[in-house]
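Below: one structure, written as C-alpha cells.
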Amino acid sequence: IADQNWMEAWKARYQPILVGERLLILPAWLESPDPNRIPVKIEPGMAFGTGTHPTTQLCLELMEVHYDDGRQTTDRRPPSAVIDVGCGSGILSIAALKLGAEKVLGVDIDAESVKNSRENAALNGVGEELILGQGSVDEILRGDFDFKSAPLVVANILAPVLIRLFDSGLADLIAPRGEIILSGILDHQAESVVAAGNAKGLKLKDKRQMGDWVALKMSRDV
C-alpha cells in the first residue's frame with residue numbers, strides 16, 4: 001500500500017515536458033497540451049528514462065537536431081536505422097521512430113527494462129519497427145539481432161560504462177559517416193569520454209549541457 005501511495009503521489013507531480021523544438025514527453029495518463037509537438041508517451045515503471053532527467057532531455061535534443069539537419073541537406077537522408085544501447089524505458093528508441101527512423105534496435109542488460117520498453121512502445125503505437133532484446137555491444141556485434149550497425153547510435157548510460165563499451169566495440173556499431181550520441185556524463189567526465197571516442201577514430205561534433213550533465217555527439221567520418 002505504501003508503494004502504491006508513493007506511486008500515486010509521484011504521478012500527480014509528473015507533468016508533460018517540452019524538449020527541443022518539436023518533442024513532448026507525455027505521461028501515459030495525461031492528454032497532450034500541445035497538438036503541434038510530437039508526443040512520446042511514457043509509463044515509467046521501474047526502468048531508467050522517465051524523461052525528467054537532464055541526460056534524457058539532452059539526448060532527445062541532439063536526436064531532434066540530427067534528424068532536422070538530415071532533412072535540410074540534400075546529400076544526406078535522416079538515418080533509416082538507429083541502435084539504442086541501454087534503452088531503459090525505451091524513450092529514445094520510440095522518439096527516434098517518431099522523428100523519422102525506419103527501424104530501431106534497443107538493447108538493455110536488464111530484462112525489466114526490455115519489458116518496460118515493450119510496454120511503452122505499445123502505448124505509442126510502435127510495433128515491429130522497434131526490435132528489443134536483452135544484451136549490449138557484444139551481443140549486437142556477435143549478430144544476435146537484426147543488424148550490427150546503424151547511421152545513428154545512442155547510448156545514455158554513465159561515463160565509466162561508456163568508456164568501457166568503447167573497449168568492447170561501441171564505435172563499431174556506427175555505420176560509415178554515421179554519428180553517436182552519448183550521455184549520462186557529468187561535466188568533469190566529458191574529456192575522458194571524448195578521448196575514448198577519439199581513440200576509436202571519432203570526432204566531437206556537438207556538446208550540450210544542462211546543470212552538471214553533458215551530452216556529446218561524435219561522428220565517424222569514414
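The values are calculated or read from the model by the stated rules, or taken from the named source; none is laboratory data. Keep in mind that what you see is a predicted model, and the values were worked out from it rather than measured. Backbone-built Cβ (ideal geometry, glycine too); neighbour counts: all protein chains shown. Side chains included, ligands, DNA and RNA excluded: accessible areas come from the protein's heavy atoms. Shrake-Rupley method; radii C 1.70, N 1.55, O 1.52, S 1.80 Å.
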statement: Being in contact with a Phe, Trp or Tyr (Cβ under 6 Å, 6 or more places away or on another chain) and open to solvent by 70 Å² or more (accessible area, probe 1.4 Å) narrows LYS200, LYS148, LYS205 down to just LYS200
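Wholly within the stretch 142-222, which strands (runs of 3 or more DSSP E) include no fewer than the required count, namely at least 3 residues that are of a type in the set (D, E, K, R)?
Output list reads 202-210.
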query: Among the strands (runs of 3 or more DSSP E) contained in the stretch 1-84, which hold 1 or more residues that are over 25 Å from VAL107 (Cβ atoms), modelled with pLDDT of 65 or more and not small (Gly, Ala, Ser)?
result: 17-19, 23-27
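If a residue must be among the polar types (S, T, N, Q) and under 15 Å from ILE83 (Cβ atoms), how many such residues does the stretch 114-126 contain?
The first filter runs over the stretch 114-126 and keeps only residues among the polar types (S, T, N, Q), leaving 116-117, 120, 124.
In the following step, the residues that additionally are under 15 Å from ILE83 (Cβ atoms) were identified as 117.
Result for the stretch 114-126: 1.
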- request: Scan the stretch 143-185 for residues that are of a type in the set (D, E, K, R), more than 17 Å from the chain's Cα centre (by Cα), closer than 15 Å to LEU202 by Cα and at pLDDT 95 or above and jot them down.
  value: ASP167, ASP172
- prompt: Taking SER89, is it in a loop (DSSP other than H, G, I, E, B), modelled with pLDDT of 90 or more and not β-branched (Val, Ile, Thr)?
  reply: yes
field: the stretch 186-204 residues that are over 22 Å from PRO54 (Cα atoms), paired with ones that are polar (S, T, N, Q) and surrounded by fewer than 19 Cβ atoms within 10 Å (Cβ to Cβ) (beta carbon under 8 Å, 6 or more apart)
entry: LEU202/SER219; LYS203/SER219
- request: Determine whether ASP212 is closer than 19 Å to ILE109 by Cα, among the acidic types (Asp, Glu), touching a strand residue (DSSP E or B) at 6+ places or on another chain (Cβ under 6 Å) and open to solvent by 80 Å² or more (accessible area, probe 1.4 Å).
  value: no
query: Going by the structure shown, is LYS115 surrounded by fewer than 21 Cβ atoms within 10 Å (Cβ to Cβ) and modelled with pLDDT of 95 or more?
result: no
